[in-house]
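J.: Pasting in a structure now, in structure tokens, and then I'll have a few things to ask.
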Amino acid sequence: MRIRWLGLAMTLLATTPFARADEALPSGEEIVRRVNARDEGASVVRTWTMELIEKDGSTRARTLRSYRRRFGDEKRSVLFFEDPPNVKGTALLTFDYADPARPDDQWLYLPALRKSRRVALSDRGRAFLGTDFSFEDVKRETQLSLSDYAWRTLGEESVDGHRCFVVEATPIDERVARELGHGRVRIRVDAEVWIPRFAEYWELDGAPQKTIRLSDVALRQEIWTAQRIDAENLATGHRTTLQFRDIDYHASIPEELFSEGALRRGAPP
């Protein structure tokens, strides 16, 4: 698997070269700020189709419903599993605070236990319920962190025919690296719509860890939206695919939905 990944990386570098050294490119931090300033809507409701794909090609499907709303500079989101029956009722609540000095909060509700538990900061890099996304990936969506990483611009590449800036992120210290579960990330950011299109992650020891690709990017209610996300674990060959439908950026979402009590009650009808 590692040999295949290295071969793909060399092909990408050969066919999509970095910009010349004398070209002025925005700094890593500037690119991250532009990504985070992109309009995501004051609220959004979506249906997710999740597919878990084993190395042998066998698959499992899940259906989820998500709700996200801004409260001033704070962002809250809640995710409910609706199908199949063995995961129905499982839910994740996230409070993403504007103050970078304040750790974000996440609560995971497991119906078999009939209670929710707070996701510890040290667990944010763990796999989210058997997927190839971490709790941190689910929380961030397309946003990038300025407080967890030092960023630098490497150049430019073309991804799926789109001009992208290439930025590399290194965790600010060993503690943060352990929490996130990786030692380095390289991301290709669309230079026109400011959505990350492709990301590579490396383990703490430098081994390739996973990739995440965002695709089917289109305008939905005047907001650029990635309607498909694919993640692959490079060590195991396991993949997770997310596809989004019924996307509504004009939805009215009640504040009480973003509470631990709402996790127990389940998704709205």
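J.: Which of the following residues is without any contact (Cβ under 8 Å) to a residue 24 or more places away in the chain and in contact with an Asp or Glu (Cβ under 8 Å, 6 or more places away or on another chain): 183, 161?
T.: 183
One line per residue, one yes/no per condition, for (1) buried (at least 18 other Cβ atoms within 10 Å of the Cβ); (2) without any contact (Cβ under 8 Å) to a residue 24 or more places away in the chain; (3) of a type in the set (Ser, Thr, Tyr); (4) touching a Phe, Trp or Tyr at 6+ places or on another chain (Cβ under 8 Å):
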| site | (1), (2), (3), (4) |
| --- | --- |
| 175 | no, yes, no, no |
| 192 | no, no, no, no |
| 203 | no, yes, no, no |
| 212 | yes, no, no, yes |
| 223 | no, no, no, yes |
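J.: Does segment 106-125 hold any residues that are hydroxyl-bearing (Ser, Thr, Tyr) and assigned to a strand (DSSP E or B), and which are they?
T.: 109, 116
J.: Still on this structure, I have one more. Which count do you get for residues in segment 130-159 that are among the aliphatic types (A, V, I, L, M) and crowded, with 19+ Cβ neighbours inside 10 Å?
T.: Number satisfying all stated conditions: 3.
J.: Additional query: Is segment 27-38 home to any residue that is under 27 Å from residue 255 (Cβ atoms), in a loop (DSSP other than H, G, I, E, B) and within 17 Å of the chain's Cα centre (by Cα)?
T.: Checked against the condition, which is being under 27 Å from residue 255 (Cβ atoms), in a loop (DSSP other than H, G, I, E, B) and within 17 Å of the chain's Cα centre (by Cα), segment 27-38 yields at least one hit.
J.: To continue, here is another question. Which one is farthest from residue 126 (Cα to Cα), of the residues in segment 227-242 that are over 13 Å from the mean Cα position of the chain (by Cα) and of a type outside the set (D, E, K, R)?
T.: In this case the residue turns out to be 237.
J.: Just a yes or no: is a residue in segment 54-61 surrounded by 18 or more Cβ atoms within 10 Å (Cβ to Cβ) and either at pLDDT 95 or above or among the acidic types (Asp, Glu) (or both)?
T.: no
J.: Could you tell me which numbered condition residue 199 fails, if it satisfies all but one of (1) among the small types (Gly, Ala, Ser); (2) without any contact (Cβ under 8 Å) to a residue 60 or more places away in the chain; (3) more than 17 Å from residue 31 (Cα to Cα)?
T.: Residue 199 satisfies every listed condition except (3).
The values are calculated or read from the model by the stated rules, or taken from the named source; none is laboratory data. Predicted, not measured: the structure shown is a model, and the values here were computed from it. A quick note on method: Cβ atoms are made from the backbone with ideal geometry, for glycine too, and the neighbour counts reach across all protein chains shown.
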